[in-house]
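So the structure is just underneath, and the comments pick up after that.
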Amino acid sequence: MIDSIIFDLDGTLWDSTDVVAKAWNCVIAEETDLDLRVTGDDLKNLFGRLLKDIAAVIFAEEPKERQLELIDLCCQEQHRALLRTPGSVYERLEDMLKILSEKYRLFIVSNCQAGYIEIFLKSTGLSSYFEGHLCPGDTGNPKASNIKSIVETYDLKSPVYVGDTIGDFHASKEAGLPFIFASYGFGQVEQPDAVITCPMDLTETISQLS
């Protein structure tokens, strides 16, 4: 029987891409001579990858060291922007979290920089629903390793992972967890263990899987 749920963040719990794109464009304009502007849709296609891989795509013309410097500056600026203007949580997200947290332990594992999950929790006021979280910015490890770490640290017996990209699917399977596909998010996944079309679907899907 399922005892816990580990969530991806972007495309699963909220959509911050428009706010983040605006912040990153400020950095690009101030710190580079690149004729480049990113959009929220661009980021939807990139989110879920490790930051160094996103940097390699966006700043492909720059040396690797400079790519990492620029993506770090982008992340610093996006943190400031998201504290002023939070991303958009998906419809009835808090209702879903409230229902599920009464029976299941809830966690977040996302491929993001240190501090980003904390900003999500602070800016949305949803921190009370989650027991813990991890990301590569905290550990230096990829998503599958961070999922395993959450499972081991909190002694989870039968967790499930909820995400919206093929990367989430592979990480979940590598960690040995069933995968629930949030089809309202940013990606496409074939043959997940279950599919939800909105956050509230999860309340019934979890009971069926249990």
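By per-residue mean of other Cβ atoms within 10 Å, what is the highest-first order of 36-42, 112-118? Please list the in-between numbers first.
On the way: 36-42: 14.1, 112-118: 19.4.
Those peptides, ordered most packed to least, come out 112-118, 36-42.
Packing-wise, with mean Cβ within 10 Å as the measure, how do 84-91, 59-66, 175-182 rank, highest first? List each step's numbers first, then the result.
Details: 84-91: 15.5, 59-66: 12.6, 175-182: 21.8.
Top to bottom by mean Cβ count within 10 Å: 175-182, 84-91, 59-66.
Ignoring any ligand, DNA or RNA, what whole percent of the accessible area of segment 1-48 comes from carbon and sulfur when the probe is 1.4 angstrom?
Carbon plus sulfur share of accessible area: 43 percent.
In nm, to one decimal, how far is the residue 95 label point from the residue 37 one, both placed 7 Å along Cα→Cβ?
Modelled inter-label distance: 3.8 nm.
How large is the accessible surface of residue 16 in square angstrom, using a 1.4 angstrom probe and rounding to the nearest 10?
Looks like 0 Å² after rounding.
To the nearest 0.05, what FRET efficiency results for residue 118 and residue 152 with a Förster distance of 22 Å applied to their C-beta separation?
So the FRET efficiency works out to roughly 0.50.
Straight-line reach from residue 22: which aspartates and glutamates have Cα under 19 Å away, leaving out those fewer than 8 places along the same chain?
10, 30, 31, 33, 35, 41, 42, 69, 72, 77
Each residue of segment 82-95 in turn: what ³J(HN,Hα) in whole Hz from Karplus with 6.51, -1.76, 1.60 and θ = phi - 60°, glycine and Pro shown as x?
Going residue by residue, I get 6, 5, 7, 9, x, x, 8, 6, 6, 3, 6, 4, 5, 4 Hz, with x marking Gly and Pro.
Give me D for the chain in µm² s⁻¹, whole number, from Stokes-Einstein with Rh from the Kirkwood sum over alpha-carbon pairs, 4 °C and 1.567 mPa s.
In µm²/s, the coefficient rounds to 75.
If I stretch the segment between residue 26 and residue 193 completely, what's the gain in nm (0.36 nm per residue apart, minus their alpha carbon distance), one decimal?
Full-extension gain reported as 56.1 nm.
³J(HN,Hα) across segment 188-203 via Karplus (A = 6.51, B = -1.76, C = 1.60, θ = phi - 60°), whole Hz, x for Gly/Pro?
Using θ = phi - 60°, the values come out as 10, 9, 9, 6, x, 6, 7, 10, 10, 9, 7, x, 5, 4, 5, 4 Hz.
The values are calculated or read from the model by the stated rules, or taken from the named source; none is laboratory data. Keep in mind it's a predicted model, so treat the numbers as computed, not measured. Glycine also receives a Cβ, built like all others from the backbone with ideal geometry; neighbour counts cover every protein chain displayed. What goes into the accessible areas is simple: the full protein's heavy atoms, side chains included, and nothing from ligands, DNA or RNA. Shrake-Rupley method; radii C 1.70, N 1.55, O 1.52, S 1.80 Å.
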